[in-house]
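Trainee: Below you will find the structure I want to go over with you.
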Amino acid sequence: MTDLPDANEFAEQSASDSDFADAANETDLPSLSGLPDVPELSGDDVEVVDVIEVAVQSEIQPLPEMRPAMRPVAAGRREARERAVHLLYESAMKGIDIEGVLAQQAMVPEPYTVEVVRGVGEHGSEIDALISRLSRGWSIDRMPVLDLAVLRVACLELAYRSEIPTGVILSEATDLATQYGTDDSSRFVNGVLAAASRELRTV
């Protein structure tokens, strides 16, 4: 148990506290009378403040919405050729002509893509006759649709785009067949196009 202080100690502590209080009362404290009075806002002043707040808020504009970057249309000829193969494949699978497929695209394809697919549409009969004749044992109707699309693009270039080297046409067609076709597609496409190049190219 804690020992309580005796009466004499309590009396001495009380006297000390009293002396401290008297000293505090005698100390000069700074007067508040010199400070300016805070003016009270009148009704008109409140209206002005409200107007200022509304004006400030009207200047705060939300940040513009960040939209995802739109994927650009293929710019290189290699990509344009690949897109042409896809469009021809889509045309065959949907059973609609190439103009109908082009009209359904959300973005206009690269100009070379449009040129190729329209060229295939214009010269389709002669291109298919060449492919059918050179692919021994295979009719157009039995060929995989994607292989046929690759062959059509390449044969069009061999026949009507003499500025493109034969090696480039065959190489890229074989790559597309490898990427999108079956295990035998690249060999089949390369064999047909090698024979086609001998007929369509003098060099």
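Every number here is computed from the coordinates shown, using simple stated rules; none is lab data. From a predicted model like this one, the values you see are computed outputs, not experimental measurements. Neighbour counts run over all protein chains shown; Cβ positions are idealised from the backbone, glycine included.
Trainee: Hey, does region 124-138 have a residue that's polar (S, T, N, Q), free of Cβ contacts under 8 Å to residues at least 40 places away in the same chain and over 18 Å from residue 88 (Cα atoms)? Steps first, answer last, please.
Mentor: From region 124-138, those polar (S, T, N, Q) are 125, 132, 135; that's our starting set.
Checking the rest, the ones that are also free of Cβ contacts under 8 Å to residues at least 40 places away in the same chain come to 125, 132.
Still in the running and over 18 Å from residue 88 (Cα atoms): none.
Within region 124-138, none of the residues are polar (S, T, N, Q), free of Cβ contacts under 8 Å to residues at least 40 places away in the same chain and over 18 Å from residue 88 (Cα atoms).
Trainee: Return a yes/no flag: does region 114-131 have any residue that is of a type outside the set (S, T, N, Q), assigned to a loop (DSSP other than H, G, I, E, B) and surrounded by fewer than 16 Cβ atoms within 10 Å (Cβ to Cβ).
Mentor: First, pick out the residues of region 114-131 that are of a type outside the set (S, T, N, Q): 114-124, 126-131.
Next, from what is left, pick out any that are assigned to a loop (DSSP other than H, G, I, E, B): 123.
From what is left, the residues that are surrounded by fewer than 16 Cβ atoms within 10 Å (Cβ to Cβ) are none.
Checked against the condition, which is being of a type outside the set (S, T, N, Q), assigned to a loop (DSSP other than H, G, I, E, B) and surrounded by fewer than 16 Cβ atoms within 10 Å (Cβ to Cβ), region 114-131 yields no hits at all.
Trainee: Out of region 164-177, which residues are surrounded by fewer than 19 Cβ atoms within 10 Å (Cβ to Cβ) and closer than 14 Å to residue 81 by Cβ?
Mentor: Once the filter is applied, which keeps residues that are surrounded by fewer than 19 Cβ atoms within 10 Å (Cβ to Cβ) and closer than 14 Å to residue 81 by Cβ, region 164-177 yields 164, 165, 168, 171, 175.
Trainee: Another question, if that's okay. Going by what's in this entry, would residue 177 be described as in contact with an Asp or Glu (Cβ under 8 Å, 6 or more places away or on another chain), assigned to a helix (DSSP H, G or I) and free of Cβ contacts under 8 Å to residues at least 40 places away in the same chain?
Mentor: On the way: in contact with an Asp or Glu (Cβ under 8 Å, 6 or more places away or on another chain): yes; assigned to a helix (DSSP H, G or I): yes; free of Cβ contacts under 8 Å to residues at least 40 places away in the same chain: yes.
Yes; evaluated as a whole, the condition is true for this residue.
Trainee: What single numbered condition from (1) of a type in the set (Val, Ile, Thr); (2) free of Cβ contacts under 8 Å to residues at least 24 places away in the same chain; (3) more than 19 Å from residue 76 (Cα to Cα) fails to hold for residue 168?
Mentor: (3)
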